């Protein structure tokens, strides 16, 4: 006999597909309650994954849009440096460092936003030839084996570099340069945090796809920012 399908709407716009077989028997009186508890657990897992993905996506979206304004600040600052130097023969070392620092913050802090929108450079040898489910597994395994361990290594190896800078409240080595160099160095940890969070969100997104939520398929970038109902 064929199977009937029912869709139960859940929070965060997701839904769970339940398959009912026309010929099934309850092995014992406890089977319905066991099934109900299993379904409840499935709902909680799906809701939890969807909620986590949405929170991380929204967080990196907001961070990325905020630090993007520093690109404008970088251009304006660089323009002022050129005008003051060549127009009035005036130079401020701290101003010359400022646009370099702004540029660094955009790249480091906005890395999670770039990953969210698939903006990082990648070399595709075979990925584009894979089917959606194979791509999903490649994304999951690649994140677990390469991305997250590397972020942990980077955070660990940079710890002394960052902490020692905080201990002395390090400033620029240039005379009249920018203060707070320790803050700039701390963006290494921010980079590790936002990229790791987005990596875990990618794993959650592909897990949802493998469990029937096609809006989380590979190539559908930042789906939860644009979809309100699963399967639409």
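Every number here is computed from the coordinates shown, using simple stated rules; none is lab data. All figures in this text were calculated on a predicted structure; none of them were measured in a lab. Reconstructed Cβ throughout: ideal geometry from the backbone, glycine too, with neighbour counts over all protein chains shown.
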Worksheet item: What is the packing order of peptides 106-119, 140-153, taking the mean over residues of other C-beta atoms within 10 Å and listing the highest first?
Response: 106-119, 140-153
Worksheet item: Which order do peptides 67-78, 48-59, 84-95 fall in by mean Cβ count within 10 Å, highest first?
Response: 48-59, 67-78, 84-95
Worksheet item: Mean separation of Cα pairs under 8 Å and 6+ residues apart, divided by the residue count of region 48-225: what relative contact order is that in percent?
Response: 35 percent
Worksheet entry | R0 of 30 Å, Cβ-Cβ distance residue 172-residue 61: FRET efficiency to nearest 0.05 | 0.40
Item to complete: Take 127, 182 and order them by how many other Cβ atoms sit within 10 Å, fewest up front.
Response: 127, 182
Worksheet item: For the peptides 204-210, 131-137, 154-160, what is the packing order when you average, over each peptide's residues, the other Cβ atoms within 10 Å and list the highest mean first?
Response: 204-210, 131-137, 154-160
Worksheet item: Given region 104-176, what whole percent of its Cα pairs are spread farther than 20 Å?
Response: 53 percent
Practice prompt. Work out the FRET efficiency for residue 210 and residue 158 from their Cβ-Cβ distance, taking R0 = 30 Å, and round it to the nearest 0.05.
Written response: 0.30
Response to the item:
Share of Cα-Cα pairs in region 48-225 beyond 20 Å, whole percent, is 62 percent
Worksheet item: Modelled label-to-label distance, residue 51 and residue 150, 7 Å Cα→beta-carbon offset: nm?
Response: 3.2 nm
Worksheet item: Can you give the FRET efficiency for residue 123 and residue 193, using 1/(1 + (r/R0)^6), R0 = 30 Å, r = Cβ-Cβ distance, to the nearest 0.05?
Response: 0.70
Worksheet entry | Ranked 216, 120, criterion: other C-beta atoms within 10 Å, fewest first | 120, 216
